[in-house]
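Okay, so here's the structure we're looking at.
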Amino acid sequence: MKEFMNNQTQPGDKLAEIIRFSRMIGDPQSDLTILAEGNTSVRTTEDRMLVKASGANLYTSGEQDFVEVDLRMLMTLIKSGPASDEHVTSALMEATVGGTKRPSVESLLHAVCQQIPGVTAVAHTHPVPVNALLCSDKASYLMQGSMFPDQIVVMGKAQLLIPYIDPGLPLAQEVLARLAAHIHEHGSHPKVIYLLNHGMFALGSTPEEALQITQMAVKVSRVMLGALSVGTPTFLAPENADRIHTRPDEEHRRALLAKF
Ligand SMILES: [Zn+2]
């Protein structure tokens, strides 16, 4: 058993934060996850994060359902090429510096998101409207543009869509490579990573922002499903989308929302 107590972090504060975050994300009224679906992570120091352990229910989670892991050790594993399931399991245990349970293999994708500067709260969910699109031949519509201004304010203009890949090490490696290409192309990281036939990751600077990004992604999918039911979705013209993206009042609103 590895205790959470150490001098570098204030694990009590961060544990309380991730429990609050997890209950918001797992709240049955929000309908973002069911059963033990989904997971959350919160950065505790530059090199560590708390992440939900395998098998726990987000809404009913308590202190015992989270583990603290060393991000550098996980990134070393991700960058070192293919590995057997046994090696991944033992590397995950070795990287665990706090808590008594086992981190899930999805911790690797959380590590990939949490190592981005400015990202400190990540929510992974399988919302029904989002998955309705991700499990259809219309998923690419999610990447074709922005439909309404608030979408851009909360989610930015460019998201990332990843093909279906075996969850765990191969998926984390693929997302890491595609993230680097995305940041190179757009100059900033995506706030949403869509996983075909699986679900989504929301990358926030606070738990509240990660929740808002998730909620907006659900709304976008609902609007798109509605648009597809009556015709073809239409998108904001690029110049209008750019204008929303860079307007000072919208940037102010975005900053306020992140603090909410
Ligand atoms: Zn998942």
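Quick one: Lys219, Lys191, fewest Cβ neighbours within 10 Å first, how do they rank? Mind showing how you got there, number by number?
Details: Lys219 18, Lys191 25.
By the 10 Å Cβ count, ascending, the order reads Lys219, Lys191.
A Cβ-based charge dipole, computed about the Cα centre of the chain with Lys and Arg at +1 and Asp and Glu at -1, lands at about 340 debye.
Taking other Cβ within 10 Å of each residue's Cβ, how do Thr120, Thr33, Thr100 sort, fewest first? Can you show the working numbers first?
Numbers: Thr120 21, Thr33 25, Thr100 15.
With the fewest neighbours first, Thr120, Thr33, Thr100 line up as Thr100, Thr120, Thr33.
Taking the Cβ of each residue in Tyr59, Tyr164, Tyr194 as the centre, tally the other Cβ atoms inside 10 Å and list the residues starting with the fewest. Mind showing how you got there, number by number?
Numbers: Tyr59 17, Tyr164 12, Tyr194 22.
Listing Tyr59, Tyr164, Tyr194 from fewest to most nearby Cβ atoms yields Tyr164, Tyr59, Tyr194.
Largest GNM mean-square fluctuation across Val51, Val42, Val175, computed for the chain with C-alpha springs under 10 Å, falls on Val175. What the Cα convex hull of the chain gives, in volume per residue, is 123 Å³. Farthest towards the positive end of the charge dipole of the chain, among the residues Gly204, Ser54, Ala36, is the Cα of Gly204, using unit charges on the Cβ of Lys, Arg, Asp and Glu.
Among beta bridges from DSSP that stay inside the chain, the antiparallel ones total about 90%.
Of the GluC sites (Glu not before Pro) found in region 36-121, the ones in coil according to DSSP and having at most 13 other Cβ atoms within 10 Å of their Cβ are Glu46. Computed over the chain, relative contact order equals 19 percent, with contacts defined as Cα pairs under 8 Å that lie 6+ residues apart. Among Ala91, Ala158, Ala217, the largest mean-square fluctuation in a Gaussian network model of the chain (Cα springs under 10 Å) belongs to Ala91. The protection proxy used here, the mean number of other Cβ atoms lying within 10 Å of each residue, ranks peptides 14-20, 184-190, 210-216 as follows, highest first: 210-216, 14-20, 184-190.
So what's the back-of-envelope 222 nm ellipticity for the chain, counting only DSSP H runs of four-plus at -39500 (n - 2.57) apiece and dividing by all residues, rounded to 500? Can you show the working numbers first?
Working: 10 runs with 120 residues, N = 260.
Counting only the DSSP helices, I get -14500 deg cm²/dmol.
Laboratory data are not the source of any read-out in this text; all were calculated from the coordinates shown. On a predicted model such as this, the values are computed, not experimentally measured, just so you know. With ideal geometry, Cβ positions are generated from the backbone for all residues, glycine too; neighbour counts draw on all protein chains shown.
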